[in-house]
Amino acid sequence: MNHHPLLADSGPALVTPLTSFLVVICACFLLCLAAAVGNETTTDFYAAERTLSARRNALALCGDLIPATALLTPVGSVALSGFDGIATTAAAAAAVTVLALLARPLRDTGRLTLGAVLATRAPGRAARTAGAVTTVAVCLPMAVVQLVVAGDAIAYLVGYRTPGAATVCTVLSGLLITTFAAFGGMRGTSAIQAGKTLLVLAAVAAVAATATAALHGDPGALTTRAADGRPGFYLPGLHYGTGPTGTLDELSLCLTLALGTAVLPPLLMRIAAATDSRAARRAARRAGALTVLYYTAVVLLGLAAAALVGTRAITADDPRGNSALLLLTDTLAHGGLLSTLVASAVFVTSLASVAGLVLAGAAALSHDLYATAQRRRRPAGDRPAGGRPAGGRPAGDRPAGDRPVSDRRELAAAQGAIVLLGTLAVLAAVLLRGWSILFLAAFATAIAASAILPALLYTLRWPAFSRTGLLWTLYGTPACCLLLQLSSPTVSGRPYSLLPALDFHWFPLQNIALVTVPLGFLLGWVGSRLRPDAD
(Lines give C-alpha, C1' and ligand atoms only; values in the text may rest on other atoms or scores of the structure.)
Protein backbone atom coordinates (compact mmCIF):
# COMPACT_ATOMS: atom_id res chain seq x y z
CA MET A 1 0.00 0.00 0.00
CA ASN A 2 1.36 3.41 -0.96
CA HIS A 3 1.00 6.25 1.47
CA HIS A 4 0.92 9.80 0.31
CA PRO A 5 3.43 12.21 1.92
CA LEU A 6 0.51 14.21 3.20
CA LEU A 7 -0.19 11.47 5.65
CA ALA A 8 3.25 10.19 6.48
CA ASP A 9 4.04 12.26 9.51
CA SER A 10 1.53 11.69 12.26
CA GLY A 11 -2.06 11.08 13.26
CA PRO A 12 -3.44 14.59 12.63
CA ALA A 13 -2.17 14.49 9.03
CA LEU A 14 -4.27 11.38 8.44
CA VAL A 15 -7.37 12.94 9.87
CA THR A 16 -7.20 16.34 8.18
CA PRO A 17 -8.18 15.41 4.58
CA LEU A 18 -10.84 12.97 5.78
CA THR A 19 -12.26 15.56 8.15
CA SER A 20 -12.36 18.17 5.40
CA PHE A 21 -14.28 15.76 3.15
CA LEU A 22 -16.81 15.08 5.91
CA VAL A 23 -17.31 18.81 6.49
CA VAL A 24 -17.81 19.41 2.76
CA ILE A 25 -20.25 16.49 2.47
CA CYS A 26 -22.32 17.69 5.42
CA ALA A 27 -22.39 21.29 4.12
CA CYS A 28 -23.47 20.15 0.64
CA PHE A 29 -26.13 17.85 2.03
CA LEU A 30 -27.58 20.63 4.18
CA LEU A 31 -27.62 22.96 1.17
CA CYS A 32 -29.44 20.39 -0.94
CA LEU A 33 -31.97 19.67 1.80
CA ALA A 34 -32.67 23.39 2.18
CA ALA A 35 -33.00 23.76 -1.59
CA ALA A 36 -35.26 20.72 -1.96
CA VAL A 37 -37.94 22.42 0.16
CA GLY A 38 -38.73 24.77 -2.75
CA ASN A 39 -38.71 22.09 -5.47
CA GLU A 40 -42.48 21.72 -5.85
CA THR A 41 -42.73 22.33 -9.60
CA THR A 42 -40.63 21.41 -12.60
CA THR A 43 -39.59 25.03 -13.11
CA ASP A 44 -38.35 25.05 -9.52
CA PHE A 45 -36.36 21.88 -10.06
CA TYR A 46 -34.93 22.71 -13.49
CA ALA A 47 -34.42 26.48 -13.20
CA ALA A 48 -34.93 27.52 -9.54
CA GLU A 49 -38.13 29.32 -10.64
CA ARG A 50 -35.84 31.67 -12.63
CA THR A 51 -34.87 33.55 -9.48
CA LEU A 52 -31.06 33.34 -9.58
CA SER A 53 -29.55 36.81 -9.35
CA ALA A 54 -26.72 37.88 -11.65
CA ARG A 55 -24.16 37.68 -8.84
CA ARG A 56 -25.18 34.23 -7.65
CA ASN A 57 -25.55 32.92 -11.19
CA ALA A 58 -22.12 34.28 -12.10
CA LEU A 59 -20.50 32.23 -9.34
CA ALA A 60 -22.45 29.14 -10.42
CA LEU A 61 -21.57 29.67 -14.10
CA CYS A 62 -17.91 30.00 -13.20
CA GLY A 63 -18.21 26.75 -11.26
CA ASP A 64 -19.70 25.02 -14.31
CA LEU A 65 -16.75 26.27 -16.38
CA ILE A 66 -14.26 24.69 -13.93
CA PRO A 67 -14.81 20.90 -13.81
CA ALA A 68 -12.45 18.57 -11.99
CA THR A 69 -10.39 18.08 -15.15
CA ALA A 70 -9.97 21.87 -15.45
CA LEU A 71 -8.62 21.97 -11.89
CA LEU A 72 -6.01 19.22 -12.32
CA THR A 73 -5.20 18.77 -16.02
CA PRO A 74 -4.23 22.35 -17.06
CA VAL A 75 -1.64 22.70 -14.29
CA GLY A 76 0.14 19.59 -15.52
CA SER A 77 -0.27 20.64 -19.14
CA VAL A 78 1.46 23.98 -18.51
CA ALA A 79 4.17 22.32 -16.41
CA LEU A 80 4.98 19.69 -19.04
CA SER A 81 4.15 21.44 -22.32
CA GLY A 82 4.98 25.10 -21.68
CA PHE A 83 3.63 27.19 -24.54
CA ASP A 84 1.18 24.53 -25.69
CA GLY A 85 -0.30 24.23 -22.19
CA ILE A 86 -0.59 28.00 -21.90
CA ALA A 87 -2.33 28.16 -25.30
CA THR A 88 -4.93 25.55 -24.39
CA THR A 89 -5.52 27.27 -21.05
CA ALA A 90 -6.14 30.56 -22.87
CA ALA A 91 -8.55 28.77 -25.22
CA ALA A 92 -10.51 27.40 -22.27
CA ALA A 93 -10.74 30.92 -20.82
CA ALA A 94 -11.93 32.25 -24.21
CA ALA A 95 -15.07 30.11 -23.97
CA VAL A 96 -16.65 32.72 -21.73
CA THR A 97 -16.71 35.16 -24.66
CA VAL A 98 -18.89 32.79 -26.67
CA LEU A 99 -21.12 32.21 -23.63
CA ALA A 100 -21.56 35.97 -23.08
CA LEU A 101 -22.66 36.43 -26.70
CA LEU A 102 -25.22 33.62 -26.46
CA ALA A 103 -26.57 34.36 -22.96
CA ARG A 104 -29.13 37.03 -23.83
CA PRO A 105 -30.76 35.40 -26.89
CA LEU A 106 -30.85 32.05 -25.07
CA ARG A 107 -32.64 33.54 -22.07
CA ASP A 108 -35.02 35.42 -24.38
CA THR A 109 -36.36 32.10 -25.67
CA GLY A 110 -37.76 31.34 -22.19
CA ARG A 111 -36.85 27.66 -22.64
CA LEU A 112 -35.19 25.36 -20.12
CA THR A 113 -33.35 22.67 -22.11
CA LEU A 114 -31.46 22.37 -25.38
CA GLY A 115 -34.31 20.44 -27.00
CA ALA A 116 -36.82 23.06 -25.91
CA VAL A 117 -34.70 25.89 -27.36
CA LEU A 118 -34.34 24.07 -30.67
CA ALA A 119 -38.09 23.45 -30.76
CA THR A 120 -38.60 27.20 -31.18
CA ARG A 121 -37.32 26.71 -34.73
CA ALA A 122 -38.69 23.22 -35.41
CA PRO A 123 -41.72 22.52 -33.18
CA GLY A 124 -42.58 18.93 -32.48
CA ARG A 125 -41.09 15.75 -31.12
CA ALA A 126 -38.14 15.43 -33.53
CA ALA A 127 -36.26 18.52 -32.37
CA ARG A 128 -36.76 17.75 -28.69
CA THR A 129 -35.73 14.13 -29.13
CA ALA A 130 -32.59 15.12 -31.05
CA GLY A 131 -31.74 17.69 -28.40
CA ALA A 132 -32.18 15.14 -25.62
CA VAL A 133 -30.02 12.54 -27.39
CA THR A 134 -27.26 15.08 -27.99
CA THR A 135 -27.42 16.30 -24.39
CA VAL A 136 -26.99 12.79 -22.98
CA ALA A 137 -24.24 12.04 -25.51
CA VAL A 138 -22.30 15.02 -24.15
CA CYS A 139 -23.10 14.79 -20.43
CA LEU A 140 -22.64 11.07 -19.79
CA PRO A 141 -19.03 10.70 -21.10
CA MET A 142 -18.01 13.87 -19.30
CA ALA A 143 -19.54 12.63 -16.04
CA VAL A 144 -17.62 9.35 -16.39
CA VAL A 145 -14.31 11.18 -16.83
CA GLN A 146 -15.04 13.49 -13.90
CA LEU A 147 -15.78 10.51 -11.65
CA VAL A 148 -12.60 8.69 -12.66
CA VAL A 149 -10.47 11.79 -12.07
CA ALA A 150 -12.23 12.49 -8.78
CA GLY A 151 -11.77 8.92 -7.53
CA ASP A 152 -8.05 8.97 -8.35
CA ALA A 153 -7.55 12.41 -6.81
CA ILE A 154 -9.40 11.60 -3.59
CA ALA A 155 -7.53 8.30 -3.16
CA TYR A 156 -4.29 10.20 -3.78
CA LEU A 157 -5.12 12.86 -1.22
CA VAL A 158 -6.11 10.47 1.55
CA GLY A 159 -2.97 8.44 0.92
CA TYR A 160 -4.22 5.12 -0.49
CA ARG A 161 -3.09 5.00 -4.11
CA THR A 162 -4.35 1.56 -5.02
CA PRO A 163 -6.88 0.65 -7.74
CA GLY A 164 -9.27 -0.70 -5.11
CA ALA A 165 -9.17 2.47 -3.03
CA ALA A 166 -9.69 4.64 -6.12
CA THR A 167 -12.67 2.49 -7.14
CA VAL A 168 -14.23 2.83 -3.69
CA CYS A 169 -13.72 6.60 -3.81
CA THR A 170 -15.31 6.73 -7.27
CA VAL A 171 -18.37 4.74 -6.19
CA LEU A 172 -18.91 6.71 -2.99
CA SER A 173 -18.46 10.02 -4.81
CA GLY A 174 -20.90 8.97 -7.50
CA LEU A 175 -23.55 7.93 -4.99
CA LEU A 176 -23.19 11.19 -3.06
CA ILE A 177 -23.35 13.28 -6.24
CA THR A 178 -26.44 11.47 -7.50
CA THR A 179 -28.17 11.98 -4.16
CA PHE A 180 -27.34 15.69 -4.08
CA ALA A 181 -28.54 16.27 -7.64
CA ALA A 182 -31.78 14.32 -7.12
CA PHE A 183 -32.60 16.23 -3.93
CA GLY A 184 -31.37 19.72 -4.77
CA GLY A 185 -32.17 20.28 -8.43
CA MET A 186 -31.04 23.60 -9.87
CA ARG A 187 -31.22 25.39 -6.51
CA GLY A 188 -29.01 22.84 -4.79
CA THR A 189 -26.48 22.50 -7.60
CA SER A 190 -26.30 26.29 -7.94
CA ALA A 191 -25.54 26.69 -4.23
CA ILE A 192 -22.86 23.99 -4.42
CA GLN A 193 -21.38 25.47 -7.60
CA ALA A 194 -21.23 28.95 -6.10
CA GLY A 195 -19.55 27.65 -2.95
CA LYS A 196 -17.20 25.54 -5.07
CA THR A 197 -16.15 28.60 -7.07
CA LEU A 198 -15.22 30.52 -3.93
CA LEU A 199 -13.37 27.51 -2.51
CA VAL A 200 -11.46 26.81 -5.74
CA LEU A 201 -10.47 30.45 -6.19
CA ALA A 202 -9.28 30.57 -2.58
CA ALA A 203 -7.30 27.34 -3.04
CA VAL A 204 -5.51 28.37 -6.24
CA ALA A 205 -4.82 31.84 -4.84
CA ALA A 206 -3.33 30.37 -1.66
CA VAL A 207 -1.13 27.91 -3.56
CA ALA A 208 -0.07 30.61 -6.04
CA ALA A 209 0.83 33.02 -3.23
CA THR A 210 2.82 30.33 -1.41
CA ALA A 211 4.66 29.35 -4.60
CA THR A 212 5.46 32.99 -5.35
CA ALA A 213 6.86 33.41 -1.85
CA ALA A 214 8.95 30.25 -2.28
CA LEU A 215 10.50 31.84 -5.39
CA HIS A 216 10.99 35.16 -3.54
CA GLY A 217 8.49 36.89 -5.83
CA ASP A 218 10.92 36.82 -8.75
CA PRO A 219 9.12 36.29 -12.10
CA GLY A 220 12.43 35.80 -13.87
CA ALA A 221 13.39 32.95 -11.56
CA LEU A 222 9.98 31.38 -12.08
CA THR A 223 10.15 31.40 -15.88
CA THR A 224 13.80 30.33 -15.98
CA ARG A 225 13.44 27.45 -13.53
CA ALA A 226 10.19 26.31 -15.17
CA ALA A 227 12.00 25.87 -18.51
CA ASP A 228 14.64 23.78 -16.70
CA GLY A 229 17.07 23.94 -19.58
CA ARG A 230 14.48 22.96 -22.19
CA PRO A 231 14.98 25.42 -25.07
CA GLY A 232 11.58 24.72 -26.65
CA PHE A 233 9.53 25.18 -23.47
CA TYR A 234 8.15 28.56 -24.55
CA LEU A 235 7.77 27.59 -28.21
CA PRO A 236 4.89 25.71 -29.90
CA GLY A 237 5.16 21.99 -30.47
CA LEU A 238 6.27 20.50 -27.17
CA HIS A 239 2.99 18.63 -26.66
CA TYR A 240 2.01 17.36 -30.12
CA GLY A 241 5.24 17.98 -32.03
CA THR A 242 6.38 20.69 -34.41
CA GLY A 243 5.18 19.08 -37.65
CA PRO A 244 1.97 19.95 -39.53
CA THR A 245 -0.01 17.22 -37.76
CA GLY A 246 1.08 18.46 -34.33
CA THR A 247 0.19 22.06 -35.19
CA LEU A 248 -3.26 21.04 -36.46
CA ASP A 249 -3.81 18.92 -33.34
CA GLU A 250 -3.02 21.87 -31.07
CA LEU A 251 -5.34 24.15 -33.06
CA SER A 252 -8.07 21.53 -32.93
CA LEU A 253 -7.79 21.20 -29.16
CA CYS A 254 -7.95 24.98 -28.73
CA LEU A 255 -11.03 25.10 -30.97
CA THR A 256 -12.66 22.35 -28.92
CA LEU A 257 -12.10 24.18 -25.64
CA ALA A 258 -13.05 27.64 -26.89
CA LEU A 259 -16.29 26.64 -28.62
CA GLY A 260 -17.45 23.42 -26.98
CA THR A 261 -17.04 24.47 -23.36
CA ALA A 262 -19.31 27.48 -23.90
CA VAL A 263 -22.36 25.43 -24.94
CA LEU A 264 -22.25 22.50 -22.55
CA PRO A 265 -25.82 21.61 -21.47
CA PRO A 266 -25.37 22.55 -17.75
CA LEU A 267 -24.39 26.09 -18.83
CA LEU A 268 -27.44 26.38 -21.08
CA MET A 269 -29.73 25.36 -18.20
CA ARG A 270 -28.08 27.83 -15.87
CA ILE A 271 -28.65 30.67 -18.33
CA ALA A 272 -32.34 29.70 -18.27
CA ALA A 273 -32.34 30.09 -14.47
CA ALA A 274 -31.49 33.81 -14.63
CA THR A 275 -34.23 36.27 -13.70
CA ASP A 276 -34.21 37.86 -17.17
CA SER A 277 -32.04 38.23 -20.26
CA ARG A 278 -30.16 41.21 -18.86
CA ALA A 279 -29.29 39.30 -15.69
CA ALA A 280 -28.15 36.35 -17.84
CA ARG A 281 -25.79 38.59 -19.81
CA ARG A 282 -24.41 40.22 -16.65
CA ALA A 283 -23.91 36.82 -15.04
CA ALA A 284 -22.01 35.55 -18.09
CA ARG A 285 -19.74 38.59 -18.10
CA ARG A 286 -18.98 38.33 -14.40
CA ALA A 287 -18.38 34.61 -14.72
CA GLY A 288 -16.00 35.43 -17.57
CA ALA A 289 -13.95 37.75 -15.40
CA LEU A 290 -13.71 35.15 -12.63
CA THR A 291 -12.79 32.42 -15.11
CA VAL A 292 -10.01 34.52 -16.65
CA LEU A 293 -8.60 35.17 -13.17
CA TYR A 294 -8.75 31.45 -12.43
CA TYR A 295 -6.92 30.38 -15.58
CA THR A 296 -4.31 33.10 -15.04
CA ALA A 297 -3.61 31.52 -11.66
CA VAL A 298 -3.54 28.08 -13.30
CA VAL A 299 -0.74 29.20 -15.67
CA LEU A 300 1.21 30.50 -12.67
CA LEU A 301 0.68 27.19 -10.83
CA GLY A 302 1.81 25.20 -13.87
CA LEU A 303 5.04 27.19 -14.13
CA ALA A 304 5.55 26.89 -10.37
CA ALA A 305 5.06 23.11 -10.56
CA ALA A 306 7.67 22.86 -13.31
CA ALA A 307 10.07 25.07 -11.32
CA LEU A 308 9.62 23.62 -7.83
CA VAL A 309 8.63 20.00 -8.46
CA GLY A 310 10.33 19.38 -11.80
CA THR A 311 9.00 17.77 -14.92
CA ARG A 312 10.79 14.49 -14.23
CA ALA A 313 9.08 14.09 -10.88
CA ILE A 314 5.71 15.00 -12.39
CA THR A 315 5.96 12.55 -15.29
CA ALA A 316 7.29 9.84 -12.99
CA ASP A 317 4.20 10.19 -10.82
CA ASP A 318 1.73 10.63 -13.72
CA PRO A 319 2.83 10.80 -17.39
CA ARG A 320 -0.23 12.95 -18.15
CA GLY A 321 0.66 15.44 -15.40
CA ASN A 322 -2.71 15.31 -13.65
CA SER A 323 -1.05 15.14 -10.23
CA ALA A 324 1.09 18.26 -10.77
CA LEU A 325 -1.09 20.47 -8.55
CA LEU A 326 -1.09 17.88 -5.76
CA LEU A 327 2.68 17.42 -6.01
CA LEU A 328 3.18 21.19 -5.91
CA THR A 329 1.02 21.46 -2.81
CA ASP A 330 3.04 18.71 -1.12
CA THR A 331 6.29 20.43 -2.00
CA LEU A 332 5.11 23.74 -0.62
CA ALA A 333 3.18 22.62 2.45
CA HIS A 334 4.03 19.03 3.44
CA GLY A 335 0.53 18.70 4.86
CA GLY A 336 -1.44 21.21 6.89
CA LEU A 337 -4.03 23.81 5.98
CA LEU A 338 -2.97 24.34 2.37
CA SER A 339 -3.17 20.64 1.56
CA THR A 340 -6.55 20.38 3.28
CA LEU A 341 -7.81 23.36 1.26
CA VAL A 342 -6.72 21.77 -2.03
CA ALA A 343 -8.18 18.41 -0.99
CA SER A 344 -11.55 20.03 -0.27
CA ALA A 345 -11.45 22.00 -3.53
CA VAL A 346 -10.79 18.86 -5.59
CA PHE A 347 -13.60 16.96 -3.90
CA VAL A 348 -16.25 19.67 -4.10
CA THR A 349 -15.25 20.42 -7.72
CA SER A 350 -15.89 16.84 -8.78
CA LEU A 351 -19.12 16.74 -6.79
CA ALA A 352 -20.51 19.94 -8.27
CA SER A 353 -19.42 19.20 -11.85
CA VAL A 354 -20.96 15.74 -12.03
CA ALA A 355 -24.13 16.95 -10.29
CA GLY A 356 -24.60 19.61 -12.97
CA LEU A 357 -24.00 17.11 -15.77
CA VAL A 358 -26.45 14.49 -14.51
CA LEU A 359 -29.05 17.19 -13.80
CA ALA A 360 -28.78 18.49 -17.38
CA GLY A 361 -28.99 14.98 -18.81
CA ALA A 362 -31.94 14.08 -16.60
CA ALA A 363 -33.77 17.29 -17.54
CA ALA A 364 -33.41 16.37 -21.21
CA LEU A 365 -34.80 12.88 -20.62
CA SER A 366 -37.71 13.92 -18.40
CA HIS A 367 -38.57 17.31 -19.90
CA ASP A 368 -38.03 16.62 -23.59
CA LEU A 369 -38.67 12.89 -23.89
CA TYR A 370 -41.01 11.86 -21.10
CA ALA A 371 -43.15 14.98 -20.66
CA THR A 372 -43.10 16.32 -24.20
CA ALA A 373 -42.29 13.63 -26.73
CA GLN A 374 -44.27 10.79 -25.17
CA ARG A 375 -47.17 12.85 -23.83
CA ARG A 376 -47.11 15.43 -26.62
CA ARG A 377 -47.57 18.37 -24.37
CA ARG A 378 -45.60 21.47 -23.51
CA PRO A 379 -44.28 21.46 -19.94
CA ALA A 380 -45.15 24.33 -17.63
CA GLY A 381 -41.55 25.56 -17.52
CA ASP A 382 -41.46 26.20 -21.28
CA ARG A 383 -43.40 29.39 -21.63
CA PRO A 384 -42.31 32.34 -23.71
CA ALA A 385 -40.65 35.31 -22.11
CA GLY A 386 -43.96 37.18 -22.30
CA GLY A 387 -45.53 34.96 -19.64
CA ARG A 388 -48.72 32.90 -19.51
CA PRO A 389 -51.61 33.22 -21.92
CA ALA A 390 -55.18 33.79 -20.87
CA GLY A 391 -56.58 31.00 -18.78
CA GLY A 392 -53.53 30.62 -16.55
CA ARG A 393 -51.98 27.67 -18.40
CA PRO A 394 -48.71 28.05 -20.34
CA ALA A 395 -48.88 28.31 -24.10
CA GLY A 396 -48.20 24.94 -25.67
CA ASP A 397 -47.65 23.15 -28.95
CA ARG A 398 -49.79 20.10 -28.20
CA PRO A 399 -52.95 19.31 -30.11
CA ALA A 400 -56.22 19.73 -28.27
CA GLY A 401 -57.18 16.71 -26.23
CA ASP A 402 -53.66 15.49 -25.39
CA ARG A 403 -53.35 14.47 -21.78
CA PRO A 404 -50.83 16.65 -19.89
CA VAL A 405 -48.29 15.32 -17.43
CA SER A 406 -48.52 16.72 -13.92
CA ASP A 407 -45.57 18.51 -12.33
CA ARG A 408 -45.40 15.80 -9.69
CA ARG A 409 -45.04 13.03 -12.26
CA GLU A 410 -42.47 14.93 -14.30
CA LEU A 411 -40.51 15.78 -11.16
CA ALA A 412 -40.48 12.10 -10.20
CA ALA A 413 -39.34 11.24 -13.73
CA ALA A 414 -36.52 13.79 -13.48
CA GLN A 415 -35.31 12.37 -10.17
CA GLY A 416 -35.51 8.84 -11.57
CA ALA A 417 -33.50 9.94 -14.62
CA ILE A 418 -30.84 11.43 -12.32
CA VAL A 419 -30.54 8.12 -10.49
CA LEU A 420 -30.34 6.26 -13.81
CA LEU A 421 -27.67 8.50 -15.32
CA GLY A 422 -25.70 8.65 -12.06
CA THR A 423 -25.72 4.87 -11.80
CA LEU A 424 -24.63 4.44 -15.43
CA ALA A 425 -21.83 6.97 -14.95
CA VAL A 426 -20.57 5.20 -11.81
CA LEU A 427 -20.67 1.77 -13.47
CA ALA A 428 -18.83 3.05 -16.55
CA ALA A 429 -16.24 4.82 -14.38
CA VAL A 430 -15.59 1.58 -12.46
CA LEU A 431 -15.41 -0.59 -15.59
CA LEU A 432 -13.13 1.84 -17.45
CA ARG A 433 -10.77 2.49 -14.54
CA GLY A 434 -7.19 1.91 -15.60
CA TRP A 435 -7.99 2.66 -19.25
CA SER A 436 -6.86 5.80 -21.07
CA ILE A 437 -10.23 7.55 -21.16
CA LEU A 438 -9.38 11.23 -20.67
CA PHE A 439 -9.99 11.72 -24.40
CA LEU A 440 -13.71 11.15 -23.67
CA ALA A 441 -13.93 14.64 -22.18
CA ALA A 442 -12.41 16.18 -25.33
CA PHE A 443 -14.68 13.98 -27.47
CA ALA A 444 -17.83 15.08 -25.63
CA THR A 445 -16.75 18.74 -25.80
CA ALA A 446 -16.09 18.30 -29.53
CA ILE A 447 -19.68 17.09 -29.99
CA ALA A 448 -20.88 20.20 -28.18
CA ALA A 449 -18.76 22.45 -30.41
CA SER A 450 -19.66 20.59 -33.62
CA ALA A 451 -23.38 19.89 -33.10
CA ILE A 452 -24.82 22.02 -30.29
CA LEU A 453 -23.12 25.29 -31.25
CA PRO A 454 -24.15 25.24 -34.95
CA ALA A 455 -27.70 24.19 -34.05
CA LEU A 456 -28.00 26.99 -31.48
CA LEU A 457 -26.52 29.71 -33.69
CA TYR A 458 -28.69 28.74 -36.66
CA THR A 459 -31.79 28.47 -34.45
CA LEU A 460 -31.23 31.86 -32.85
CA ARG A 461 -29.87 33.81 -35.83
CA TRP A 462 -30.84 32.21 -39.19
CA PRO A 463 -34.52 32.32 -40.12
CA ALA A 464 -34.02 29.84 -43.00
CA PHE A 465 -32.77 27.08 -40.70
CA SER A 466 -35.07 24.13 -41.32
CA ARG A 467 -36.08 21.01 -39.45
CA THR A 468 -34.01 18.90 -41.84
CA GLY A 469 -30.94 21.06 -41.30
CA LEU A 470 -31.41 20.75 -37.54
CA LEU A 471 -31.67 16.98 -37.63
CA TRP A 472 -28.70 16.63 -39.97
CA THR A 473 -26.62 18.73 -37.58
CA LEU A 474 -27.67 16.94 -34.40
CA TYR A 475 -27.51 13.39 -35.74
CA GLY A 476 -25.03 13.56 -38.60
CA THR A 477 -22.31 15.53 -36.83
CA PRO A 478 -22.08 13.32 -33.69
CA ALA A 479 -21.98 10.26 -35.96
CA CYS A 480 -19.03 11.76 -37.83
CA CYS A 481 -17.41 12.70 -34.50
CA LEU A 482 -17.70 9.09 -33.33
CA LEU A 483 -16.26 7.73 -36.59
CA LEU A 484 -13.28 10.08 -36.54
CA GLN A 485 -12.59 9.57 -32.83
CA LEU A 486 -12.63 5.79 -33.17
CA SER A 487 -10.26 6.13 -36.12
CA SER A 488 -7.85 8.47 -34.27
CA PRO A 489 -4.65 7.71 -32.32
CA THR A 490 -6.51 8.18 -29.03
CA VAL A 491 -8.19 4.78 -29.56
CA SER A 492 -5.44 2.70 -31.21
CA GLY A 493 -1.91 2.81 -32.51
CA ARG A 494 -0.11 4.68 -29.70
CA PRO A 495 1.16 3.78 -26.20
CA TYR A 496 -1.33 6.26 -24.68
CA SER A 497 -4.27 4.94 -26.73
CA LEU A 498 -7.36 3.29 -25.32
CA LEU A 499 -6.30 0.07 -27.10
CA PRO A 500 -2.51 0.37 -27.31
CA ALA A 501 -2.00 -3.22 -28.55
CA LEU A 502 -4.10 -2.58 -31.68
CA ASP A 503 -3.61 -0.20 -34.57
CA PHE A 504 -6.51 0.53 -36.90
CA HIS A 505 -6.37 4.33 -36.87
CA TRP A 506 -6.35 6.24 -40.16
CA PHE A 507 -7.31 9.72 -38.97
CA PRO A 508 -4.06 11.46 -37.93
CA LEU A 509 -5.37 13.95 -35.34
CA GLN A 510 -6.10 13.19 -31.70
CA ASN A 511 -8.56 16.10 -31.53
CA ILE A 512 -11.31 16.11 -34.13
CA ALA A 513 -12.97 19.54 -33.80
CA LEU A 514 -10.94 21.13 -36.60
CA VAL A 515 -12.85 18.89 -39.03
CA THR A 516 -16.17 18.35 -37.26
CA VAL A 517 -17.01 21.98 -36.36
CA PRO A 518 -17.05 23.16 -40.01
CA LEU A 519 -18.86 19.93 -40.88
CA GLY A 520 -21.60 20.69 -38.34
CA PHE A 521 -22.23 24.13 -39.83
CA LEU A 522 -22.11 22.68 -43.36
CA LEU A 523 -24.64 19.93 -42.60
CA GLY A 524 -27.07 22.44 -41.13
CA TRP A 525 -26.74 24.75 -44.13
CA VAL A 526 -27.00 22.02 -46.77
CA GLY A 527 -29.97 20.35 -45.07
CA SER A 528 -31.80 23.68 -44.81
CA ARG A 529 -31.14 24.53 -48.46
CA LEU A 530 -32.13 21.12 -49.80
CA ARG A 531 -35.30 20.81 -47.70
CA PRO A 532 -36.50 24.20 -46.47
CA ASP A 533 -39.50 24.39 -44.20
CA ALA A 534 -42.81 25.29 -45.83
CA ASP A 535 -43.93 28.86 -45.14
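The values are calculated or read from the model by the stated rules, or taken from the named source; none is laboratory data. Here the structure is a predicted model, which means the values were calculated and not measured. Cβ: placed from backbone, ideal geometry, glycine included. Neighbour counts: every protein chain shown. Only protein heavy atoms, including side chains, enter the accessible area calculation; ligands, DNA and RNA are left aside. Shrake-Rupley method; radii C 1.70, N 1.55, O 1.52, S 1.80 Å.
Quick rundown of the values:
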item	result
Heavy-atom SASA rank of Leu484, Leu460, Leu235 (probe 1.4 Å, accessible area, largest first)	Leu235, Leu460, Leu484
Rough spin-label spacing in nm, given labels placed 7 Å along Cα→Cβ, for Arg278 and Ala209	3.6 nm
Mean accessible surface per residue for the range 114-169, computed with a 1.4 Å probe while every protein chain stays in place, in Å²	26 Å²
Computed log₁₀ I(q)/I(0) - Debye formula, equal Cα scatterers, no solvent, the range 167-310, q 0.14, 0.19, 0.20 Å⁻¹	-1.00, -1.21, -1.23
Between helix 244-255 and the chain: long-axis angle, C-alpha atoms, 0 to 90°, nearest 10	60 degrees
Column: log10 I(q)/I(0), Debye, Cα scatterers of the range 88-193, q = 0.17, 0.21 Å⁻¹	-1.07, -1.21
All-pairs Cα distance distribution in the range 398-535, expressed in whole percent, bin size 10 Å	11, 26, 27, 25, 9, 2
Semi-axis lengths, Å, the range 291-336, gyration tensor of Cα atoms, sqrt of 5 times eigenvalues	18, 13, 9
Calculated from backbone phi, Karplus (6.51, -1.76, 1.60) coupling profile of the range 514-519 in Hz, x at Gly/Pro	4, 9, 7, 5, x, 5
Residue-wise HN-Hα coupling along the range 295-302, computed from phi with Karplus coefficients 6.51, -1.76, 1.60 (Hz; x: Gly, Pro)	5, 4, 5, 4, 4, 4, 5, x
Mean Cβ count within 10 Å, highest first, over the residues of peptides 172-183, 203-214, 433-444	172-183, 433-444, 203-214
Within the accessible area of the chain (1.4 Å probe), percent carbon and sulfur	66 percent
Convex hull volume per residue in cubic angstrom - Cα atoms of the chain	137 Å³
Asp108 accessible area, assembled protein chains, probe 1.4 Å, Å²	80 Å²
Helical mean residue ellipticity (222 nm; -39500 (n - 2.57) per DSSP H run of 4+; nearest 500) of the chain	-22000 deg cm²/dmol
By average C-beta atoms within 10 angstrom, highest first, the peptides 305-313, 470-478	470-478, 305-313
Per residue, in Å², the accessible surface of the range 274-358 once ligands and nucleic acids are set aside, probe 1.4 Å	33 Å²
Thr113 long-range amide H proximity, modeled H, under 5 Å	none
Estimated vicinal HN-Hα couplings, Hz - the range 471-481 in sequence order (Karplus 6.51, -1.76, 1.60; Gly, Pro = x)	5, 4, 5, 7, 9, x, 5, x, 5, 5, 4
Solvent-accessible area per residue, Å², over the range 457-503 with all protein chains present [probe radius 1.4 Å]	46 Å²
The chain: relative contact order in percent, alpha carbon pairs under 8 Å with at least 6 residues between	28 percent
Sequence-distant residues sharing a close amide H with His239 (under 5 Å, placed H)	Asp84
